[in-house]
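All remarks here apply to the structure that follows.
Bear in mind that the values in this text are calculations on the coordinates, not laboratory data. None of these values were measured; they are calculated from a predicted model. Counting neighbours? That spans all protein chains shown, and the Cβs are built from the backbone with ideal geometry, glycine included.
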Amino acid sequence: LEQRVMHMQEAAMRQEFPTALRLGWELVPSLTTVPQLHGRTISYIGHCLDQVKSYEAAIVAYDFLLERMPEDNLASAQLRIRRAIAQLLCDRLADADDALRRMRGFMQQFAQTTLGAAYRMAQLIQLVRTNHFAEMVAESDDLVEHLRPLGIEAGYGHALMALACAQVAENHDQPDQHEQAQLWWSRATVLMSPQRLVDRFEELSPIAQRLRATDRPVPPESVS
């Protein structure tokens with residue numbers, strides 16, 4: 001069972017989300033007497049559902065786990081952030097706002113950590129979904145450092161900031177923000193392809209067509 005769970009996790013890490021979901025669903029009935037493996041599998045199922053934009057189903061998976069975990073557990077905090085992001089992405093804005101507000105005090109101790117970076121990402125998505133672009137720009141000075149613990153997924157935050165700068169430039173008569181939008185988009189596309197960014201956040205599509213992506217090195221396996 002451990003090997004089968006690892007196989008499912010590896011598929012998810014390779015972004016083979018339909019394969020990982022199939023493996024996960026097949027495993028769940030066999031894991032009811034192994035709580036640790038059962039919880040890990042449900043967590044990865046939730047993550048995969050999130051990545052294929054089945055947000056409501058992902059929220060069900062996260063709720064299942066959260067109902068069985070202590071609220072002050074770090075794993076619980078991570079799941080609550082992931083659930084809030086899924087809620088934002090399916091327009092359950094009030095639910096997400098309530099969840100993020102409840103976590104604010106608890107999260108202050110996790111600055112410069114992966115958990116703190118995930119919370120900052122959730123806040124960025126919330127500001128985009130509620131059209132608070134000027135507020136995003138005003139609070140952008142420390143964003144690179146705050147998102148750094150996310151690794152390449154920090155690219156999502158940089159891309160959302162590029163969108164905010166572009167919106168401020170166009171709607172608030174601040175032409176200097178066009179240059180900032182290009183800078184943030186360049187940072188984002190160092191980490192991720194424009195297509196992957198747009199696949200995750202459709203609202204990035206207009207700036208992906210206007211802004212210049214950073215040239216990314218060709219992976220060695222693709223060189224003949």
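Observations on the model:
- Nearest 10 degrees, 0 to 90: helix 74-89 Cα axis against the chain principal axis: 60 degrees
- A Cβ-based charge dipole, computed about the Cα centre of the chain with Lys and Arg at +1 and Asp and Glu at -1, lands at about 500 debye.
- Residue (of L23, Y44, M107) at the positive-pole extreme of the chain, dipole from beta-carbon charges: L23
- Distance between the stretch 40-76 and the stretch 112-183 - C-alpha centres, whole angstrom: 25 Å
- When peptides 11-21, 181-191 are sorted by average Cβ neighbour count within 10 Å, with the highest value leading, the order is 181-191, 11-21.
- Coordinate range along principal axes, alpha carbons of the stretch 44-104, Å, largest first: 29, 24, 14
- The order of the peptides 75-85, 93-103 by mean Cβ neighbours within 10 Å, most packed first, is 75-85, 93-103.
- HN-Hα J in Hz across the stretch 102-117 - Karplus 6.51, -1.76, 1.60, θ = phi - 60°, x for Gly and Pro: 5, 8, 4, x, 4, 7, 4, 7, 10, 4, 6, 10, 4, 5, x, 5
- With the convex hull drawn over the C-alpha atoms of the stretch 37-156, the volume per residue is 108 Å³.
- Note that the stretch 109-224 carries a Kirkwood radius of 14.4 Å, evaluated over its alpha carbons pair by pair.
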